Each structure stands twice: as C-alpha cells, then as structure tokens.
Amino acid sequence: MSSAAHQHWQEHATAWAKADIAKEYNSSGGKLMHGPINALLEQSGVVAAARRGERVKLWDNACGTGHVAGYFHDATRDILSKTWSITCTDLSAAMVDSVKKRSAEEEWHNVEVLVADAQDTNLPDGHFSHVLTSFGFGNFPSSDRALNEISRCLAPGGVIGITTWQMLGWPSVFERGLELLGISYTVPNLLVAYKQRSGYDWASTDETYQALSNHSWSDIQVKTQHSVTEFTREEIVQNVGWKNMFGGLATRMPEDHRVNIDAVFEALSLRWDEAFGEGGTAKMSMVAIIATARKPQL
C-alpha cells in the first residue's frame, strides 16, 4: 500500500466517522446511486434468485448507509418467504450505526450489520452467494486484497458485483457556483485518483474487466449506465454532505484562485435562478460502471 493510498484510506474513514455526515450522505449520495445500484441488483441476479426461493446470502460490502441492502428489500417486500440473509459491513462505525437504525425503521429482515475492513473482514470462508460492493473500489488502498477477500468469502459459483463511477456530474454544480462569483475554473478529472490509490483504474471498463479476470472469475460482464439526476436548490444548499464534497474541490484549486466554500454556497443560495433558471434544478449527468462475475465451481 502506498503512503498516499494509506493516508486517503484513513482520512476517508475519519470523515465518515461523523454521524451527521453519514445522515447527509444518505440523502445526497442516495439519489445519485439509485439507478446504478438497481442495475447492479438486476445484473447480479440476486433479486431474481430470492424470488425463485433460493437461499441467498448477500454481503453488502463497504455498505455506506445501506443502499444495496435497502434497494434489495424494496424489490423483495412482496415475497412472503424470506429465504435470504444479508450481512452489511463498513469501515466506518458511523455508517454501521446508520444502517442499524435504518434497518429497524424500514423493518429489514435477516440482517446483520458489522464494522469490518473490506480487505480483512474475518467473515467466514465460502459463505456468501452474492457479494456486492457499490462505489467502494477506488477507495480501498489495495484492490487486489479486497478482491481476494471477496473470493475467499464467496461460495463456489457465487457472484461478485461492483459499481464504480466512470463520469462525475456533481463538480459542474460547484463550477456554476464559481461562475456566480466571477471565477472561471474547470475541476480536474477526479477519477484519475482511482489507480493512484488502489492499483486499478476503476473508471475504465477495460481495467475493470482486467481486474476481475486477474482473479480468475468467469462470466465477467462489464457494462455502463448513464443517468441524469436533478437536485433542487434546497437539496444542495441545505445539505452538509454537498458542502463537504464541494469544499474538497475548493481545497484542490490553485492557491491564487482558491475560494471560501461558504461564499460559493451563499452565491448558489441567493442566485440559484441565475445559474439554473427560474425554479430550475441542477442536473448531474453521471456514468457508472456495473460489473459482475462468478467464482468458478470447485
């Protein structure tokens, strides 16, 4: 693990250890993840398997606030026979607490929620029928260690599923805020950090395929999904999660152009119609990679 990757991993975990950020993450990131995660559930076949009455053992790896488990439950609420179990794990204790609360409020069935490092979980060997990791790869310091851990925990014939981002739309909203302040600035491609941090360019369909192929999985499918998600003024300017994300972009700007993030948010709040039209919404165009593969039978 490089020192830069280790530092990012620790900073990422520390940031999400704040419970208020976990709550805001659920409301901001959740809208962006809805389409890709539902596509992952379909491509992995996990919902179809549950509907067939198969014994599904799903691991929601690096679960965040539990979007994979939540959307799975939404898709299976009408099934009377609950033939599945779900294990949700995340490095952040705040995220885990958030999932436990959500699980109780939404009456999830057969769910266990644990704090665990995706690279070394202590979960049982060969236990899971499906392991789904939504937007975790690219943040793990070692992709290969995380992939090895998934392989160890998957039953023979089990399915791995991954979503990552190929194109981000949310920096464009930050750029519009800067324009309101008279600043012209283009945010550099943030996804180049995937390879620097984790060993693979998870924004590339070719490298995503290669990563799965390197671990001898079969039936590899790598697809992309484009979506446009709209956010109202209130959903942006009243959300601490977006303020933290845009604040991160501000710190990357050259020192002679760097701005106070509060000024950007004030401009967006007071001059939203100027940026997005009267009563308009901020449209975030995103492209996700949806990848699945199968662990060979013994």
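The values are calculated or read from the model by the stated rules, or taken from the named source; none is laboratory data. This structure is a prediction, so every number in the text was calculated from the model and none was measured. Every residue, glycine among them, receives a Cβ derived from its backbone with ideal geometry; neighbour counts consider all protein chains shown.
Points to keep in mind about this one:
- Any hit, the range 180-199, residues being of a type in the set (Val, Ile, Thr) and over 22 Å from the mean Cα position of the chain (by Cα): yes
- Val259 fulfils the conditions (1) surrounded by fewer than 15 Cβ atoms within 10 Å (Cβ to Cβ); (2) part of a loop (DSSP other than H, G, I, E, B); (3) out of contact with any Gly (no Cβ under 6 Å at 6 or more places or on another chain) except for a single criterion, (1).
- Any chance Met253 is under 28 Å from the mean Cα position of the chain (by Cα) and at pLDDT below 95: yes
- Filter result for Val222 (outside any helix (DSSP H, G or I) and closer than 14 Å to Thr164 by Cβ): yes
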